[in-house]
Structure formats: C-alpha cells, structure tokens
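For reference, the structure is listed below as structure tokens.
FYI, it's all coordinate maths here, none of it is from the lab. All values derive from a computational prediction rather than experimental measurement. Cβ placement follows ideal geometry from the backbone for every residue including glycine, while neighbour counts extend to all protein chains displayed.
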Amino acid sequence: CQSSSAEMPRFDKPGVAVFDVTPHRQSRYCTLGLDYEFYVPATSNTFLEHAANAAHQLDAVMLWKRKRKIGSIAHPHYRHFADRLSERGDVALVDPDISALRVIESSCAVISMPFTSTALIARAIGKPSIYYDPTGQLQRDDRAAHGIPILSGADELKEWLSSQINSQ
C-alpha cells in the first residue's frame, strides 16, 4: 500500500471513513457497451448524502476518500454535488494520494460503496465495515460482498453507525 506524505485531515470527533465510486459521464458507459450502470450520479450522490447526514446527526466527521482525481471524466452532476458536499464543516476531504489503509486506521467505522475493496481492508484490520446500497436493489447475500453486510436505507445506515460510534 503506497501512500503520499500528504497530511490526513485533523478532526476532534469520531471519524467515519467513506469510500464511494466516482460516476463517469454517460458517454463513457456507452462506449463500454453497458446498458445499466450502478455507479451513476443518482446512486453515488445519494450514497454520499446519506453517509454525510448520518455522520452529522451522530456528531462525527465524514472522512471522504475518493479513489483518484479524474476531473472532467466524472459526471457533471456528481462534480457539482461533490463541490457542495465538500463545503460542509463535518465532511473532511482526504487527499486521493493518501492510502485507503491510512484513512481506515484513522476511523471508527467504514462505509463503502458496493463492492469496493476498502470494506475488505477494513474488516482485515478489525474495523467495523459495511457496504451501503442507497438504491435497495442489491441482494443482502450477494456473493460479491464476501460476507460484508450490505445495508440499505438512511435509517438503517444511521442505526448501524450509531452502534459503532457508541461502542467506542
């Protein structure tokens, strides 16, 4: 795991690591021949909004780590939403060059978009970890989850996160 020397954001509340998947422009999916894609702005934006709101309601900081800087390839609706979200005082943007492991180690819980490897990394080092599906379309026993719980719905996410923060 490589990581840059960039500083982790400083925070004085419980930190919740959040890992999303940046949706690309629709034209990118068309060139790949995909007719349905889970990682679209509506899904990604709702994922981030629910995670940020749950962290806020529980007086925690959302440590938002994007995988990489992809600029204009990212869907414009996602970029606009991300710009607004990053202005919130309880959302800490983590430099994409910082390793996911460093972010996970700094957190009390990990929320990952299905089916990113960050959930498995968190589990491997003993951090509470879930996949969050804001659409409710994924099967809870999907083999791709490798035993990581799949939660759906803002209330279920908040309840899980509350139990993690309160057990600290």
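Can you give the log10 of the normalised intensity I(q)/I(0) at q = 0.12, 0.16 Å⁻¹, computed with Debye over equal Cα scatterers of region 99-164?
Taken in order of the listed q values, log10 I(q)/I(0) reads -0.27, -0.48.
Quick one: in the chain, what % of C-alpha pairs are over 26 Å apart?
The answer is 23 percent, as a whole percent.
Give me the extension gain from residue 88 to residue 163: residue separation times 0.36 nm, minus the current Cα-Cα distance, reported in nm with one decimal.
Length difference between fully extended and current span is 24.6 nm.
Give the percent of DSSP beta bridges with both residues in the chain that are antiparallel, rounded to the nearest 5.
Antiparallel bridges make up about 5 percent of those DSSP assigns within the chain.
In a shell of Cβ-Cβ distance under 11 Å around residue 110, excluding residue 110 itself, what net charge do Lys and Arg (+1) and Asp and Glu (-1) give?
Overall, the nearby charge balance is +2.
Can you pull the Kirkwood radius for region 56-102, inverse mean 1/r over Cα pairs, to one decimal in Å?
Hydrodynamic radius (Kirkwood, Cα only) of region 56-102 equals 11.8 Å.
Once you have the Cα-Cα distance between residue 143 and residue 56, take 0.36 nm times their residue separation minus that, and quote the gain in nm to one decimal.
Full extension of this stretch gives 28.2 nm more.
Top mean-square fluctuation among 77, 50, 146, Gaussian network model of the chain, C-alpha springs under 10 Å?
146
On a 22 Å Cα-Cα criterion, which of the cross-link pairs 127/158; 13/127; 13/67 come out too long?
Too far apart for the 22 Å limit: 13/67.
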